[in-house]
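**Student:** Attaching a single structure in structure tokens format; questions to follow.
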């Protein structure tokens, strides 16, 4: 029997943090299935999905919790062995515009109103070329619920894109 565990880690960024986690997973017979990790604001943050023999799960959790003495906060949640069935269309949303407060809130509000699931989201602020100031860029992979047409979502997002003064691109994933 196998236990599926989702591990969240965060701490001051420094070399070797991924190895600290990976070594403990491997030492306990675990299999590293997938992860997302990055450096943000001087911190290292990551989320890892692992499988470990069920009888070794408690030992792995204890070993990872001991990393807190090295400045790495760790949290655990039960993972799911199988991915949920895909109900609707997978779509990629990209936007770019001058940075201002509220962009993510406004866009995510439209997505939530349509019951769109955000599966992955990345954003950053960059120096705007020639115009000065900051440019906000975001990219999201979202899952539309069954029955929602891409054009309906596009119309509602374009309504707010003009108010936010952002360029928006919305297309089926894989294109």
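Read-outs throughout are calculated quantities, based only on the coordinates presented, and are distinct from any laboratory measurement. Remember, predicted model here, so these are calculated numbers, not experimental data.
**Student:** Expressed as a fraction of 2.2 N^0.38 Å, the rule-of-thumb size for a compact globular protein of N residues, what is the C-alpha radius of gyration of the stretch 90-172?
**Tutor:** Relative to the rule-of-thumb radius for its length, the stretch 90-172 sits at 1.08.
**Student:** Could you state the number of Å between the C-alpha centres of the stretch 1-54 and the stretch 118-154?
**Tutor:** Measuring centre to centre over Cα atoms gives 27 Å.
**Student:** If you don't mind, another one. To the nearest 500 deg cm²/dmol, what mean residue ellipticity at 222 nm is calculated for the chain from DSSP H runs of n ≥ 4 alone, each contributing -39,500 (n - 2.57), summed and divided by the residues?
**Tutor:** Working: 4 runs with 46 residues, N = 175.
So the calculated ellipticity at 222 nm is -8000 deg cm²/dmol.
**Student:** Hey, what did the chain get for relative contact order, percent, Cα under 8 Å, at least 6 apart?
**Tutor:** Values: 296 pairs, mean separation 39.7, N = 175.
Here the relative contact order equals 23 percent.
**Student:** Also: Evaluated at 20 °C with a viscosity of 1.002 mPa s, what Stokes-Einstein diffusion coefficient in µm²/s does the stretch 2-78 have when Rh comes from the Kirkwood expression over alpha-carbon pairs?
**Tutor:** 175
**Student:** Taking the Cα atoms of the chain, report the difference between the largest and smallest coordinate on each principal axis, in whole Å and largest first.
**Tutor:** Principal axes ranked by extent give 53, 42, 25 Å for the Cα atoms.
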